[in-house]
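The values are calculated or read from the model by the stated rules, or taken from the named source; none is laboratory data. Just so you know, these numbers come straight off a predicted model, no measurement behind them. Using ideal geometry, Cβ is built from the backbone for each residue, glycine included, and neighbour counts are taken over all protein chains shown. Protein only, heavy atoms only, side chains kept; ligands, DNA and RNA dropped before computing areas. Shrake-Rupley method; radii C 1.70, N 1.55, O 1.52, S 1.80 Å.
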Amino acid sequence: MSRPLPGRLVLLGHPVAHSRSPLFQNAALRAAGIPLVYETMDVAPDDLPRALALLREANACGNVTIPHKEAFASRCARLTAIAERCAAANTFWHEQGDLVGDNTDVGGVDAIALALLGPQRNTATVALIGAGGSAAAVLAAAEGWGNARVRLYNRNMDRADSLARRFGSVTSVAPSIGSALDGATLVVNATPVGLRDDAHPVPISELPPGAAVFDLAYRAGETSWVRAARDAGHRAADGEGMLVEQGALSFERWFGVEPDRDAMWRAMR
Ligand code: NDP
């Protein structure tokens, strides 16, 4: 441990009852011998200011999840460059009482894209479905891949246009899923389609040959889309790896040491 311990370590969200983050964060804390418990804190949007005051008083650090990532970022005294780029924070700590926000979702996307594509990540043609907060993290990651290009499709085209304007150097808006998929080497689902049922965001038969598939959604036993894509010969990963990796990167920010990723994964099983 190279840093003073924070007073509390929390996951702030609404609702957070079914979050899996406490499982692997508490395993990482135990493995590192850090005497803290990763708690969930269920905070309705209207209660965010009150929660932030409590967290400041406790010199807390932690994570932020749906629906607070954007509102939280706007209330930070400082943001890291990547959180600023996303206009969203999923990780925070306090420095001399000041709230600092970071975004490790971007690093989570980076890690999974690298695992799927290897060095070809840097020249990927990405079909990105969805234009919400997690799509912004994918675009912020793709900006760092050198020569990657992203074709963004969203059912609400205005939202796609406004996100593409923020990431114009790597992004163009596709008028249909078909045109987003044309020639894609990586197909990313950043919608909740398939999160609670076996729906597929893109029919398997329409995936370009050889394209890798990255589903940000995750379910026990993987999403149906990821299983079907793999059965059809595509490299595929669901969002579980991104979840654990963003958590591991957050842990490094809080404590200045790498967590035991194997212990984190064992806790998920
Ligand atoms: P947002 O609510 O910010 O955005 C959701 C996006 O999905 C919007 O573009 C929305 O389109 C689109 N959408 C919603 N429902 C449908 C539908 N039925 N058909 C087509 N498009 C739809 O959500 P997030 O970006 O925060 O999350 C998206 C997914 O990513 C979720 O499954 C979430 O669990 C997952 N996620 C995973 C993480 C991980 O660590 N693995 C981290 C963060 C998110 P419209 O604009 O038209 O409403």
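General observations
- The stretch 1-116: relative contact order as a whole-number percent, Cα under 8 Å and 6+ apart: 24
- Where Asp102, Asp158 fall by accessible area, highest first, once all protein chains stay in place (1.4 Å): Asp158, Asp102
- Whole-Hz couplings from phi, Karplus 6.51/-1.76/1.60, listed for the stretch 20-27; x for Gly and Pro: 8, 4, x, 4, 7, 5, 5, 5
- Taking the helices alone, the chain has a mean residue ellipticity at 222 nm of -11000 deg cm²/dmol, built from -39,500 (n - 2.57) per DSSP H run of at least 4 residues and averaged over all its residues.
- C-alpha center-to-center spacing [the stretch 29-52, the stretch 163-223] in angstrom: 32
- Accessible-area ranking of Leu114, Leu36, Leu186, largest first, probe 1.4 Å: Leu114, Leu36, Leu186
- Our summary gives the chain a relative contact order of 19 percent, counting only alpha carbon pairs under 8 angstrom and 6 or more residues apart.
- When the alpha carbon gyration tensor of the chain is reduced to an equivalent ellipsoid, its three semi-axes come out at 32, 20, 16 angstrom, largest first.
- ³J(HN,Hα) computed for each position of the stretch 193-208 - Karplus, 6.51 cos²θ - 1.76 cosθ + 1.60, integer Hz, glycine/proline x: 4, x, 6, 10, 9, 9, 5, 10, x, 9, x, 4, 5, 9, 5, x
- Once the C-beta distance of Leu5 and Leu195 is scaled by a Förster radius of 45 Å, the resulting FRET efficiency is 0.80 to the nearest 0.05.
- Under Karplus coefficients 6.51, -1.76 and 1.60, residue-wise ³J(HN,Hα) of the stretch 234-244 in Hz, glycine/proline x: 8, 5, 8, 9, 9, x, 5, x, 5, 4, 5
- Using the Stokes-Einstein relation with a Kirkwood hydrodynamic radius computed over Cα pairs, the translational diffusion coefficient of the stretch 109-182 at 25 °C and a viscosity of 0.890 mPa s comes to 204 µm²/s.
- The loop-placed trypsin sites (Lys or Arg not before Pro) in the stretch 135-222, going by DSSP, that have at most 15 neighbouring Cβ atoms within 10 Å of their Cβ come out as Arg155, Arg196.
- Accessible surface of the stretch 1-88 [probe 1.4 Å, protein heavy atoms]: carbon and sulfur percent: 55
- Ranking by accessible area, most exposed first, for Leu79, Leu99 with a 1.4 Å probe: Leu79, Leu99
- Computed over the stretch 172-214, the percent of Cα pairs more than 17 Å apart is 30.
- The angle between the Cα long axis of helix 48-57 and the main principal axis of the chain comes to about 50°, on a 0 to 90 degree scale.
- Over all distinct Cα-Cα pairs of the stretch 29-149, the Kirkwood formula returns a hydrodynamic radius of 15.8 Å.
- Each peptide among 126-135, 42-51, 233-242 gets the average number of other Cβ atoms lying within 10 Å of its residues, and from highest to lowest they stand as 126-135, 233-242, 42-51.
- Amide H contacts of Glu39 (H built 1.01 Å from N, in plane; Pro and chain starts excluded): Leu9, Val10, Leu11 sit under 5 Å, all sequence-distant by 5 or more or on other chains.
- When you restrict to C-alpha pairs under 8 Å that are six or more residues apart and normalise by the size of the stretch 63-109, the relative contact order lands at 37 percent.
- Solvent-accessible heavy-atom area per residue, rounded to whole Å², over the stretch 110-178 at 1.4 Å: 43
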